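Novice: Let me give you the structure first, and then I'll get to my questions.
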Amino acid sequence: MAAENKSVPPEAAPDWRAEASALWRELPQRWMFVGLLAAWVAFFHFLGNSTLGYVNTASLFGWFKWVQSVSSEEAHTWFMPLVVAVLFWWKRAELMAVPKQIWWPALGLFVVALLLHVVGFMVQQTRISFAAFFIGIYALSGLVWGWKWWQATFFPFFLFAFAMPLGNTAEVVTVPLRMLATKLAVFTSHTVLGINVIQQGASIISPTGKYQYEVVAACSGIRSLTAILALSTIFSFVMFKSNWRRAAMIGAAVPLAVAGNVLRLMTIIIAAEAVDAKAGNYVHENTWFSLIPYVPAIIGLLLLGRWLEEKKEVVPKP
């Protein structure tokens with residue numbers, strides 16, 4: 001009689017929802033944190049914004065939504081909370097292993113966040129209140145779960161800085177970036193490509209009048225700089241343990257972003273010089289060509305990360 005062939009079903013993949021639910025149940029004082037967080041959110045919903053002359057809402061979150069509606073340059077800020085959530089999930093084993101207890105000194109940071117919001121509210125600078133909101137959440141988490149929790153979650157919370165809408169305050173950065181990118185593009189055109197162009201302020205002009213391009217704020221590279229800086233920050237904290245390696249990766253974001261933006265300006269100049277001004281405009285407005293600044297930056301970060309890679313110690317066998 002032939003033996004019955006019973007196939008063993010493969011092990012079911014773990015359900016992330018069940019795992020998340022189990023982790024939530026293991027958190028001590030979780031409902032205390034939820035209550036404090038709800039009160040903090042409600043406070044900023046009803047008393048978060050005083051710039052009623054710009055947008056008629058007292059809510060910090062209503063102000064944030066309005067900023068998104070008037071500026072396409074701030075779209076990345078929507079994604080940062082999701083990135084932070086993913087990093088919290090990635091670090092879940094480490095966070096659950098952290099000893100947790102109520103830590104009253106965290107109230108000091110909470111008071112700082114509250115006073116910061118008061119200042120922002122009085123001087124009608126909602127971005128100050130926006131920063132205070134996230135600092136307050138970080139303070140409340142330390143109050144409920146302790147100093148060790150603070151240490152383990154500093155990096156994910158730090159990324160909320162990239163959720164800050166910059167608005168007109170970005171001009172402090174965009175104006176120098178525009179001038180630097182223009183100068184470097186003109187210098188490269190002269191010395192490397194032999195293309196004769198003239199710089200007038202933040203404008204690049206053909207001596208024959210064939211084309212003229214203004215390096216406006218949107219072309220300053222602030223968008224790519226923000227994205228590359230966020231990417232290098234995430235990469236550095238995920239891949240490295242030593243602070244100097246992290247600092248090197250984060251510091252490399254600025255020159256890499258500038259180099260990428262100069263490369264994009266060069267493609268516009270080359271297209272205009274080789275064909276005409278319409279070809280340059282096409283390169284400028286095309287979605288695929290707009291990704292050019294990210295290519296050297298990503299390649300540079302990968303190469304630098306490879307060079308800085310921390311060597312694992314090999315333990316000799318007895």
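The values are calculated or read from the model by the stated rules, or taken from the named source; none is laboratory data. For clarity, every value in this text was computed on a predicted model and none was experimentally measured. For neighbour counting, all protein chains shown are included, and Cβ atoms are generated from backbone atoms with ideal geometry for every residue, glycine included.
Novice: Kindly provide the set of residues from region 196-216 that are of a type in the set (A, V, I, L, M) and either at pLDDT 90 or above or out of contact with any Asp or Glu (no Cβ under 7 Å at 6 or more places or on another chain) (or both), ordered by number.
Specialist: So in region 196-216, the residues of a type in the set (A, V, I, L, M) come out as 197-198, 202, 204-205, 215-216.
Passing the criteria: VAL197, ILE198, ILE204, ILE205, VAL215, VAL216.
Novice: Please work out which residue is nearest to the chain's Cα centre (by Cα), limiting yourself to region 88-107 and to residues that are assigned to a helix (DSSP H, G or I) and surrounded by 12 or more Cβ atoms within 10 Å (Cβ to Cβ). Break it down stepwise before answering.
Specialist: Here is the first cut: in region 88-107, the residues assigned to a helix (DSSP H, G or I) are 88-90, 92-97, 106-107.
Subsequent filtering for residues that are surrounded by 12 or more Cβ atoms within 10 Å (Cβ to Cβ) retains 88-90, 92, 95-96, 106-107.
Working: PHE88: 16, TRP89: 18, TRP90: 17, ARG92: 21, LEU95: 22, MET96: 26, ALA106: 26, LEU107: 28 Å.
Selected residue: PHE88.
Novice: How many of the residues in region 234-263 are over 18 Å from the mean Cα position of the chain (by Cα) and without any contact (Cβ under 8 Å) to a residue 40 or more places away in the chain?
Specialist: So the answer is 3.
Novice: Now for a separate question. For ALA85, indicate whether it is out of contact with any helix residue (DSSP H, G or I) (no Cβ under 7 Å at 6 or more places or on another chain), surrounded by fewer than 19 Cβ atoms within 10 Å (Cβ to Cβ) and modelled with pLDDT under 95. Outline the logic, then answer.
Specialist: Details: out of contact with any helix residue (DSSP H, G or I) (no Cβ under 7 Å at 6 or more places or on another chain): yes; surrounded by fewer than 19 Cβ atoms within 10 Å (Cβ to Cβ): yes; modelled with pLDDT under 95: yes.
So ALA85 fits the description; yes.
Novice: Looking only at residues that are of a type in the set (A, V, I, L, M, F, W, C) and buried (at least 20 other Cβ atoms within 10 Å of the Cβ) in region 203-227, which one is nearest to ALA257 (Cα to Cα)? Spell out the reasoning first.
Specialist: Within region 203-227, the first condition is being of a type in the set (A, V, I, L, M, F, W, C), and the residues that meet it are 204-205, 215-219, 222, 225, 227.
The next check asks that each one be buried (at least 20 other Cβ atoms within 10 Å of the Cβ); those that pass are 204, 215, 219, 222, 225.
Numbers: ILE204: 20, VAL215: 16, CYS219: 12, ILE222: 9, LEU225: 5 Å.
Only one residue fits best here, namely LEU225.
Novice: Hey, can you tell me all the residues within region 50-72 that are assigned to a helix (DSSP H, G or I) and either at pLDDT 90 or above or surrounded by fewer than 17 Cβ atoms within 10 Å (Cβ to Cβ) (or both)? Please lay out each step first, then the result.
Specialist: Of region 50-72, the ones assigned to a helix (DSSP H, G or I) are 60-70, 72.
Residues satisfying the conditions are LEU60, PHE61, GLY62, TRP63, PHE64, LYS65, GLN68, SER69, VAL70, SER72.
Novice: Condition first: surrounded by fewer than 16 Cβ atoms within 10 Å (Cβ to Cβ), within 26 Å of the chain's Cα centre (by Cα) and in contact (Cβ under 8 Å) with a residue 40 or more places away in the chain. Now tell me which residues in region 22-49 satisfy that.
Specialist: Of everything in region 22-49, just one residue is surrounded by fewer than 16 Cβ atoms within 10 Å (Cβ to Cβ), within 26 Å of the chain's Cα centre (by Cα) and in contact (Cβ under 8 Å) with a residue 40 or more places away in the chain, namely LEU37.
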